[in-house]
């Protein structure tokens with residue numbers, strides 16, 4: 001009876017299915033879905049609520065003013081995000097839509113967005129002036145009424161160069177001269193003004209080539225500076241770091257200068273106090289140096305002649321606390337003798 005009860009329990013116990021016996025189609029489909037989800041998460045990590053790069057907002061500007069993706073977004077001078085994209089709006093092609101992402105910062109519903117100049121060469125960043133008690137709705141763009149764009153000098157100079165280059169200065173000079181001749185019988189103030197304009201036009205016409213060359217070279221210089229924007233920005237950043245480090249070590253540098261000044265005063269006083277004592281010693285030392293300089297050849301010859309003696313002397317005393325020598329033609333018991341004397 002006990003054996004039958006055990007057999008019943010064994011029959012009732014569920015048996016686990018092996019991996020090989022499962023349906024491979026279902027397993028493959030589940031694996032493809034998991035891989036697809038992981039790939040989507042990898043390419044859209046910034047949009048995820050926990051590990052993402054923050055909240056994305058949109059602002060409408062009248063022009064981009066050189067703002068490009070990856071430029072900084074700042075609040076009160078502190079970087080809080082980056083620009084993701086700059087494109088034309090769908091409703092009006094004369095306006096620009098700037099998309100940017102903010103992380104760990106409050107953006108009010110009355111926030112103003114301003115494109116500002118980061119470097120003297122035209123690098124830009126987006127400055128946010130967070131205003132309003134309620135939070136800005138990410139689905140609503142900051143309107144054009146709350147955005148500002150800077151005045152860029154480089155495009156203005158480029159347009160000026162192109163405009164001036166297209167002007168025919170000779171025709172302009174003739175036109176101004178004709179106007180001056182037409183108004184020559186007018187009152188004195190008007191006539192003087194027009195004569196001045198005529199002389200100005202003649203001067204510009206005579207310097208036409210020089211002005212064109214100047215504007216072309218200025219355009220070339222600004223272009224080179226714009227191409228080196230990153231290097232000059234890094235140079236300014238490194239210079240700022242150096243100045244910050246010098247400012248942090250200002251007390252140490254000041255102490256070093258004070259101690260150096262005190263040391264120089266002590267040395268000056270020491271020299272002044274011992275000038276009478278040092279002068280005879282220095283004079284004697286100078287005399288000794290002059291004697292040695294005059295006898296340089298004799299000293300060199302003496303050292304050269306002394307070298308063999310030192311070599312033999314070193315060989316004699318180089319075996320320890322005794323010296324070895326050899327006396328030739330000395331016979332003791334029919335043999336040549338070697339006398340070895342103990343040293344001190």
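The values are calculated or read from the model by the stated rules, or taken from the named source; none is laboratory data. Predicted model, so just to flag it, every value in this text is computed and none were measured. Quick reminder, even Gly has a Cβ in these numbers, built from the backbone with ideal geometry, and neighbours come from all protein chains shown.
The table below gives the values:
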item	result
Residues being assigned to a strand (DSSP E or B) and over 12 Å from residue 130 (Cβ atoms) - total across the stretch 69-113	16
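One line per residue, one yes/no per condition, for (1) over 19 Å from residue 117 (Cβ atoms); (2) assigned by TED's automatic domain parsing to the domain that holds residue 137; (3) at pLDDT 80 or above:
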residue: 31; (1), (2), (3): yes, no, yes
residue: 34; (1), (2), (3): yes, no, yes
residue: 39; (1), (2), (3): yes, no, yes
residue: 42; (1), (2), (3): yes, no, no
residue: 78; (1), (2), (3): no, yes, yes
